[in-house]
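Worksheet: the structure to be examined is printed underneath.
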Amino acid sequence: MKPADHYQEDLASIRKMMEQSSKFLSLSGLSGILAGTYALLGASAAYYLIQFPLAPIDYRQESVRGANLVPLLAIAAAVLVASLASGYWLSRRKAEKAGQPFWNETSRRLVINLLIPLATGGLFTLLLLLNGHFGVVAPSLLIFYGLALINASPNLYGEIRYLGYSEILIGLAAALWPGYGLLFWALGFGVLHIVYGAVMYRKYDR
């Protein structure tokens, strides 16, 4: 008969294999840090576009109405593209370093679980913009993003679920105080990403 410690090693190996088959473990914490940095840079650019020289904490519920939406959408698109590109490159590099496949059934499920809430939220936000409901754009983006993270969390690290909860709470706060949408946007997409990215990097990447 095997000693008890051998059975424990076997069980640990089985658990590890099951986790690798069901979770995308190549997500890099650095990608979260970079995404948060891009979001803060984007929020700074948006501030200078729609609020400057007023203080960032000034209540501005209608500030977007006087600004050109095209530059704002360009800033948001640049942040999104830079975040996706960084996440793809860093996660692929991490997978190659670990000798694991980057694109497999787990990563496909992850993309689908992320895209359904994100695409819905993106279309919903465009409809809000077309109808002039600028004050609830930031809350909508934060809430749908949080839902997407929670929906994809079974295929990611457990910390992602708590990031999703945090994004939803910040989105609800932004809906309660729509005049501070830019600040909540910077907090949710910027600060939280940096914090959670640093935690994941320290825990899983080192």
* L130 passes all but one of (1) in contact with a helix residue (DSSP H, G or I) (Cβ under 8 Å, 6 or more places away or on another chain); (2) modelled with pLDDT under 90; (3) hydrophobic (A, V, I, L, M, F, W, C); (4) farther than 23 Å from K94 by Cβ; which number fails? -> (1)
* What is the number of the single condition among (1) at pLDDT 90 or above; (2) small (G, A, S); (3) over 16 Å from Y180 (Cα atoms) that A95 does not meet? -> (1)
* Right, L192: within 18 Å of S28 (Cβ to Cβ) and in a helix (DSSP H, G or I) or not? -> yes
* Asked: Looking at the range 62-165, what helices (runs of 4 or more DSSP H) fall wholly within it and have at least 1 residues that are loosely packed, with under 15 Cβ neighbours inside 10 Å?
  -> 69-98, 105-130
* When only residues in the range 176-192 that are more than 16 Å from A76 (Cα to Cα) and surrounded by 19 or more Cβ atoms within 10 Å (Cβ to Cβ) count, which is modelled with the lowest pLDDT? -> P178
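The values are calculated or read from the model by the stated rules, or taken from the named source; none is laboratory data. Bear in mind the structure is a predicted one, so any value in this text is a computation, not a measurement. FYI the Cβ positions are ideal-geometry reconstructions off the backbone, even for glycines, and counts take in every protein chain you see.
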